[in-house]
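The values are calculated or read from the model by the stated rules, or taken from the named source; none is laboratory data. Keep in mind that this is a model prediction, so the values were computed, not measured. Cβ coordinates were reconstructed from backbone atoms using ideal geometry, including for glycine residues, and neighbour counts include every protein chain displayed. SASA here: full protein model, heavy atoms, side chains in, ligands and nucleic acids out. Shrake-Rupley method; radii C 1.70, N 1.55, O 1.52, S 1.80 Å.
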Amino acid sequence: MPVLDWTLLLKLKEMFNSKFGSIPKFYVRAPGRVNIIGEHIDYCGYSVLPMAIEQDVLIAVEPVKTYTLQLANTNPLYPDFSTSANNIQIDKTKALWHNYFLCGLKGIQEHFGLSNLTGMNCLVDGNIPPSSGLSSSSALVCCAGLVTLTVLGRNLSKVELAEICAKSERYIGTEGGGMDQSISFLAEEGTAKLIEFSPLRATDVKLPSGAVFVIANSCVEMNKAATSHFNIRVMECRLAAKLLAKYKNLQWDNVLRLEEVQAKLGISLEEMLLVTEDALHPEPYNPEEICRCLGISLEELRTQILSPNTQGVLIFKLYQRAKHVYSEAARVLQFKKICEEAPENMVQLLGELMNQSHMSCQDMYECSCPELDQLVDICRKFGAQGSRLTGAGWGGCTVSIVPADKLPSFLANVHKAYYQRSDGSLAPEKQSLFATKPGGGALVFLEA
């Protein structure tokens, strides 16, 4: 259980009182996460290896007799929002902060088939840097789901909550895979988790005691719901899965994920990489070629396979995306195996896997950016055994594995080399460089 910052709760209670003229009945917290390894593979059906971080979203809540939902945020950048609790509308075209809350609320509402929801006053606080790849948006969705469940007086398991919130975040238009919501609910203090899907389950992974994981923010923001990069990658993986299935004479039309192809063929990840070499070419595919390969019309491709926000895409890099996914899925399993066997050179071996992961994200998945690559290089230069982007990429954070005895000099040198630039281009409030340890999952605290 995380240590509660009572001064923070008291401050939130006072702000709630001045905002709504009353006292909250309960508080809900949901943590952010750092994905140690396994990038962009959860939505392909593969296991990932995240841990919750101590930074979280915290919401003070008061159920009210009216049918009005009132949302306020302690950060003045995020304006107040009010709506009828029985008419939840989520505008996919605008990645506004309150829409993430509405996703969580709507997910629980639809799960129980409720038309009438009680109203509530909510004050949202949080210290996860936004658009940084540490899952601030999913933490808000999860927090809102747990708030709604608590207001309704209903019960669900952590696994059910994670599955509902993963599905409901798609209301905002992001075709994510479920890692962020799963770790937010299933996290336990002191351990990372191997998260597996279909069915959803989490296994403890004991991280090396002689090393620390350090998060560094590139200060380049990337909002998944506001950009098409992320959803294009999801579609490229879906198309690659269909072409691989067709190549192997499988029934391809109901295949959605790269993992399904491997499961149907009953072969290893290493063998899937060889199949990918045979079946797909490195040159980009255009929609016409994909249609020829699958024997379908452009209209069928657009309406039956592509998501609405990827229907105008003209090139798809299927070979590169499949190569990344199958190799990254193998790295996750290798990472877990090394943690279990704990050889003497464990930190070095784990670091090598993290470095390979970044290279694949950079070259095959093309989800890095110059600032992330520079930050990764700086981290390695000053003592990280391994460093990689974490989260969706195109900005956000890096995660590095650093020998514990090198931590003070590592932090000082990285701060100087990346953040204290002579041009002063990085705003101080965005600077995030911190060692982290595995934190606990989402919780409800009742007002005493």
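In whole angstrom, and with the biggest value first, how far do the Cα coordinates of segment 111-197 range along each principal axis?
Each principal axis gives a Cα extent; for segment 111-197 these are 37, 29, 26 Å.
Going through segment 260-362, which GluC sites (Glu not before Pro) have at most 15 other Cβ atoms within 10 Å and a DSSP loop state? Let's see the in-between values first.
Values: sites: GLU260, GLU270, GLU271, GLU277, GLU288, GLU289, GLU299, GLU300, GLU328, GLU340, GLU341, GLU344, GLU352; in loops: GLU344.
Counting only loop positions with at most 15 other Cβ atoms within 10 Å, the GluC sites (Glu not before Pro) in segment 260-362 are GLU344.
So what are segment 1-91's ellipsoid semi-axes, whole angstrom, largest first, if each one is the square root of 5 times an eigenvalue of the alpha-carbon gyration tensor? Provide the component values of the computation, followed by the final result.
Numbers: eigenvalues 188, 82, 26 Å².
So the equivalent ellipsoid measures 31, 20, 11 Å along its semi-axes.
I want to verify the translational diffusion coefficient of segment 247-377 in µm²/s; compute it with Stokes-Einstein, Rh as the Kirkwood radius over Cα pairs, at 10 °C and 1.306 mPa s.
Values: Rh = 17.0 Å.
Approximately 93 µm²/s, per Stokes-Einstein.
Using 5 Å bins from zero, what percent of all Cα-Cα pairs in segment 190-250 falls into each bin?
All Cα pairs, binned at 5 Å, distribute as 4, 12, 9, 10, 15, 20, 15, 9, 5, 1 percent.
Could you state how much accessible area GLU366 has, in square angstrom rounded to the nearest 10, with a 1.4 Å probe and all protein chains kept in place?
Rounded to the nearest 10, that gives 70 Å².
Are there DSSP H segments in the chain that both extend 20 Å or more along their axis (alpha-carbon positions) and score a mean Kyte-Doolittle hydropathy of at least 1.6? List them, or say none.
Those that clear 20 Å and a mean of 1.6 are 136-152.
Could you list log10 I(q)/I(0) for segment 239-296 at q = 0.14, 0.16, 0.21 Å⁻¹, which the Debye formula gives when each Cα is one point scatterer?
-0.35, -0.45, -0.77
Please report how many Lys pairs in segment 11-146 have alpha carbons closer than 27 angstrom, counting only residues at least 8 apart along the chain or sitting on separate chains.
14
So which lysines can LYS317 reach, going by Cα to Cα under 18 Å and dropping same-chain residues fewer than 8 places off?
Excluding near neighbours in sequence, the set is LYS242, LYS246.
Translational D (Stokes-Einstein, µm²/s) of segment 118-256 at 10 °C and 1.306 mPa s when Rh comes from the Kirkwood sum over C-alpha pairs?
Details: Rh = 17.7 Å.
So the translational diffusion coefficient is about 90 µm²/s.
What is the antiparallel percent of DSSP beta bridges lying wholly in the chain, to the nearest 5? Write out the running numbers ahead of the final one.
Details: 50 of 55 bridges.
Beta bridges within the chain, antiparallel portion: roughly 90 percent.
Just flag the trypsin sites (Lys or Arg not before Pro) in segment 235-275 sitting in loop per DSSP whose Cβ has no more than 16 other Cβ atoms within 10 Å. List each step's numbers first, then the result.
Details: sites: ARG238, LYS242, LYS246, LYS248, ARG257, LYS264; in loops: LYS248, ARG257.
Qualifying residues, ordered by number: LYS248.
Grab the alpha carbons of segment 54-202, take their convex hull, and tell me the volume per residue in Å³.
Values: hull volume 16.8 nm³, N = 149.
Considering the Cα atoms of segment 54-202, their hull volume per residue is 113 Å³.
When each pair of different Cα atoms in segment 303-424 is counted once in the 1/r mean, what is the Kirkwood radius in angstroms, to one decimal?
Working: mean 1/r = 0.0618 Å⁻¹.
For segment 303-424, the Kirkwood estimate is 16.2 Å.
Give me, ordered by chain and number, the residues 5 or more places off PHE445 or on other chains with an amide H under 5 Å from its own placed amide H.
Here the answer is TYR27, VAL28, ARG29, since their amide H atoms fall under 5 Å of that of PHE445.
Per-residue accessible area for ASP180 at 1.4 Å probe radius, Å² rounded to 10?
In the full protein context, ASP180 sits at about 20 Å².
Under a 1.4 angstrom probe, counting protein chains only, how are LEU298, LEU314, LEU350 ranked by accessible area, largest first?
Details: LEU298 55, LEU314 120, LEU350 0 Å².
Largest to smallest exposure gives the sequence LEU314, LEU298, LEU350.
By how many nm would the segment from ALA417 to THR74 lengthen if fully extended, with 0.36 nm per residue of separation less the alpha-carbon distance?
120.2 nm
Taking the solvent-accessible surface of protein heavy atoms with a 1.4 Å probe, what is the per residue accessible area of the chain in Å²?
On the way: 18750 Å² over 448 residues.
Per-residue value: 42 Å².
Segment 113-133 to segment 304-371: how many Å between their Cα centroids?
31 Å
What base-10 log of the normalised intensity I(q)/I(0) is obtained for segment 47-114 from the Debye formula, alpha carbons as equal point scatterers, at q = 0.28 Å⁻¹?
Values returned for q = 0.28 Å⁻¹ are -1.42.
Report the accessible area of VAL444, computed with a 1.4 Å probe over the heavy atoms of all protein chains in place, in Å² rounded to the nearest 10.
Estimated to the nearest 10 Å², VAL444 gives 60 Å².
Provide, in order from the shortest bin, the percent of all Cα-Cα pairs of the chain in each 20 Å bin, continuing until the bin that contains the maximum pair distance.
25, 55, 19, 0
Quote the convex hull volume per residue of segment 290-341, based on C-alpha atoms, as a whole number of Å³.
Numbers: hull volume 5.8 nm³, N = 52.
Normalising the Cα hull of segment 290-341 by residue number yields 111 Å³.
Normalised by the number of residues in the chain, what is the relative contact order in percent for Cα pairs under 8 Å and 6+ residues apart? Walk me through the numbers before you get to the answer.
Details: 922 pairs, mean separation 102.7, N = 448.
Result for the chain is 23 percent.
Got a sec? Which residues in segment 167-186 would a label at THR303 touch, if it sits 7 Å along Cα→Cβ and we count backbone N under 13 Å?
Flagged as within label range: none.
Per-residue HN-Hα couplings for segment 82-87, Karplus 6.51 cos²θ - 1.76 cosθ + 1.60 at θ = phi - 60°, whole Hz, x for Gly and Pro?
9, 7, 6, 5, 9, 9
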